[in-house]
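So the structure is just underneath, and the comments pick up after that.
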Amino acid sequence: MRKRILMRKRIIGLVATASLIVATAGNATGISAGEQGTEDAQQSGCAILEKDEVVYARLSQTGGVDDIYIVNHLSLSSAGVFTDNGAYSSAANLTDLNPLKLEGAVVIAYTDSRDFYYQGNLSSGNLPWRYEIAYFLDGSPIAADALAGSSGKLEIRLSASADLSVSEVFRNNYMQQITFTLSSEKCSGISAKGATIANAGKNKIIVFTVLPKQDAAITVSADVRNFEMPGIEITAMPFSMSFTIPDIDEMLGEFKQLTDALIELDDGVSKLESGTMELAEGSVELSNGSSGFADGLALLSSNSRQITDGSASVMSALTQISSALSADALDGFDISGLARLPFMLNLLSTGIAQVSGSMEELRDAYTVAYASLDEAILALPGARVTDAELASLYSKSDAGEQALLSRLMETQAAAFSVKSAYEQVKPVLRSVPGLLDSAASTLNSFSQTLALINEQITAATAGDGDGFIEQFSLLAGGLAELSGKYAAFHNGLTVFMQGLSELKEGYSLLDEGIAGLSEGACEISSGISQLSGGTSLLVDETADIPDLVKHEIDKLMSDYSGEPFDPVSFVSPGFCNVTFVQFVFRTGGIELPKAEKSPPQESSGQTLWNRLTALFE
């Protein structure tokens, strides 16, 4: 039985060899080798179960593609004849010495093994990535072939970008490793940002990693002498990497703390906005009231000269009349002159009444101005934003907002300083209307006294001589007493009016300060309102930060999760059983000319070992 099985295998091998000979002969007679090979494969039942591809490419020193070849590993269903697809310019069997036939885009071969390796060479083609390499020596561009043996400051710039003409599966799922090998004896001061640098004997190994979907812009610089460098090696393989990321829930919890803090900040700014609006409204009313009070003081000050001059005239007239009616003046007194005295006393009484009326008008104007000022001061908010509250907002604000809060603190302090100062001078300001009213009342009393004296003079001039002398003496004494009292009143009135004038001058400065306070409070209120709008917008815009962060992390991790994808063949995109594709590229090295070697002895024939070693030449 065993002999029969061995004999059957030999027969199948002979048939497969014969089929290849027929296919070759058929090619010479116009028969399609691809069709013939397919029939043989179907007859032998040999099929490709899985296929791996390693794509090798030789690149020029500047990154251009010189040639591409693929080493294919096939897992077959059984020994026998099989066919594979690939637009190769040539192909070589790397498994055994059995012949391999290439017909168009079809590879036909026979194997005794279920694992088969062969190499397919492409005459041209594109890689999934394009590479560009430039060299600079001492800051100036230099050709690669002129760089060998040079010395100076070397800079190598390599860029990698996707070639959109090749399947996107590779650029979306493959990680590239780009490796430079520099001699420590020829290179020093090596700089390679973003690279991993390791020692390997006398060489420095510089490795850059380019993740899927990413382009690369790489720069390697060094101080070189008698420079040489082997080719740059580039490998690309499916991305697979384990990431250890922080606890997402903990990180999102910190973002939640941030959003909660922003909400607290917005609430504090809203309260601050309400307080500054009250401060601004109160300061406007204070400014208006202060302005009215200043106007009232100005009116008092402007009329004080008229009042004091009128009072001085009254005092002078009383003094003259009193002197004229004194006891010493009675000797030789012409009684007929008394006929004019009632008229003069009547004019004096009228003048005093006018001064009293002016005092009452001033009292009324001052009362209105004072009431306006008092109402404005009371309108200032009693509650103030505490220093602790402002400090809390200050610590959470940027430089511009901190400057605004500093002005607010100064304005609030000024407003409460004004209110405190007003409370201290309020009793004095409140007493002014009473003083004016008392002065007007005193003047009215003087006017009435003069009217009474006028009646007495009229009665005295109508009586007999003895009675007249007695009444005249009483009249003279009353006028003397009235003149003395009025002189004291006039002195007090003069001092009072001088005080009002000084009050007016001093208050004008305070009024200017209150106006500035009002303007500053309004500006700050406007700024705080804008700040409140900004913090409210910030709260709205950051409310979903935790969800956005989680979404972005998930999106980022999905790009580099290394999740399985469906591999595709580099050389045969329609082939479905590809399990693995890898890329290995190497640029031309920068080397000094080497001494010529003696030519190798001619081989009597190609062996499998020759084919395998040729892969690495």
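Descriptive notes on the structure:
- Carbon and sulfur %, accessible surface of segment 120-216 computed with the full protein complex present, 1.4 Å: 46 percent
- If the chain linking Ala388 and Gln498 were pulled fully straight, counting 0.36 nm for each residue of separation and taking away their Cα-Cα distance, it would gain 35.0 nm.
- Karplus 3J(HN,Hα) series, Hz, for segment 187-195 with 6.51 cos²θ - 1.76 cosθ + 1.60 (x for Gly, Pro): 10, 9, x, 6, 10, 8, 5, x, 9
- Computed from phi, the 3J(HN,Hα) profile of segment 50-57 under the Karplus parametrisation 6.51, -1.76, 1.60 (θ = phi - 60°) reads 9, 9, 10, 10, 10, 9, 9, 9 Hz, with x in place of Gly and Pro.
- 14 Å beta-carbon shell around Glu50, net charge (K/R +1, D/E -1): -3
- The residues of segment 65-142 expose on average 41 square angstrom of accessible surface per residue, using a 1.4 Å probe on protein heavy atoms.
- Interchain or long-range residues, amide H under 5 Å from Leu94's placed H: Tyr117, Tyr118, Gln119
The values are calculated or read from the model by the stated rules, or taken from the named source; none is laboratory data. Not measured: the values here are computed from a predicted model. Cβ atoms come from the backbone with ideal geometry, glycine included; neighbour counts cover every protein chain shown. These accessible areas exclude ligands, DNA and RNA; they are computed on the full protein's heavy atoms, side chains included. Shrake-Rupley method; radii C 1.70, N 1.55, O 1.52, S 1.80 Å.
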